[in-house]
Amino acid sequence: MTCPFHHEGERIVADEGAKLDFSRDMSYGDYLQLDAVLNAQKPLSPDHNEMLFIVQHQTSELWMKLMLHELSAAVAHVAKDDLGSAFKMLARVSKIMEQLVHAWDVLATMTPPEYSAIRPYLSNSSGFQSWQYRCIEFMLGNKNAAMLKPHGHRPDLLAKVEAAGARLRCTTNRCACWRAAALPCRPATWSGTGRSPTRPAMRSSRPGSRCTAIRSSTGICTSSARSSPTWKTPSDSGASAT
Ligand code: HEM
């Protein structure tokens, strides 16, 4: 006896003209490279919960990939003085961060003993070695050259983390203060060692009135900055280096 709804399903598909044959056309899975994505979960333990641990990290890395995509574009738009587009991208970044935080609700269904059951199979691997996470940190201003070391064995990834040195914060501060001085923005560069040579001291314990006004009006500068765009070196200002 065939299912009474069988024909109903076929009728809907036929009525909506749904395409069913993808032997010669790009399908949903083709477009999304789902074979590669969905075959990338390789549990090392026999434990049921490891799939959660892997998928949680992989989805977080995919969200971090999107975050870097948006942050890099935002830096480019700020440097072009196109703050409107940059703000839209930064608003998306903040939603991605919310998504990453909420994703922990799923991970929280794993108990500590369940985590301990898979931990021995992970060897020394840790989110500490996430190169995308490090790129995000560097772009947002928290740059520690020591964090490049875990990527030394992969020159391709090391180069990406180093390249993330042109910090959004530096560019936005620079852009905000050039605007105050009615000058075009210029992007920052970084050699990967300590302070950025082209980035004068911007953090100071005595915020300048003009940059404070810029910060409060644009809301994009978090660190205190000097009042005049003609920067002094850290030693002149006694400011602490970031
Ligand atoms: C049961 C779940 C998890 C445990 C027990 C855990 C544990 C840890 C520990 C102990 C560290 C410190 C570094 C270390 O000792 O290796 C760390 C760092 C880190 N974890 Fe996790 N983690 C978990 C899930 C995640 C997830 C889902 C992500 C998402 C990508 C993640 C991303 C990171 C990152 C990026 C760091 C480096 C933080 C930094 O250096 O500032 N972790 N984790």
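The values are calculated or read from the model by the stated rules, or taken from the named source; none is laboratory data. Note that the structure is predicted; figures quoted are calculated from it, not measured. Cβ coordinates were reconstructed from backbone atoms using ideal geometry, including for glycine residues, and neighbour counts include every protein chain displayed. Accessible surface areas use protein heavy atoms only, side chains included; no ligands, DNA or RNA. Shrake-Rupley method; radii C 1.70, N 1.55, O 1.52, S 1.80 Å.
Against the numbered list (1) in the same structural domain as R92 (by TED's automatic domain parsing); (2) modelled with pLDDT under 95, E61 comes up short only at (2). Restricting region 100-138 to residues that are within 17 Å of L66 (Cα to Cα) and near the ligand (Cβ under 8 Å from one of its atoms), the residue that is most open to solvent (accessible area, probe 1.4 Å) is Y133. Would you confirm whether any residue within region 66-81 is without any contact (Cβ under 8 Å) to a residue 24 or more places away in the chain, over 23 Å from W131 (Cβ atoms) and more than 16 Å from the ligand (Cβ to nearest atom)? So far as region 66-81 goes, yes, one or more of its residues are without any contact (Cβ under 8 Å) to a residue 24 or more places away in the chain, over 23 Å from W131 (Cβ atoms) and more than 16 Å from the ligand (Cβ to nearest atom). Is it the case, given these coordinates, that S60 is surrounded by 11 or more Cβ atoms within 10 Å (Cβ to Cβ), among the hydroxyl-bearing types (S, T, Y) and farther than 26 Å from K160 by Cα? Criteria not met by S60. Residues in region 26-45 that are assigned to a loop (DSSP other than H, G, I, E, B) and either among the aliphatic types (A, V, I, L, M) or at pLDDT below 95 (or both): M26, L32, A40, L44.
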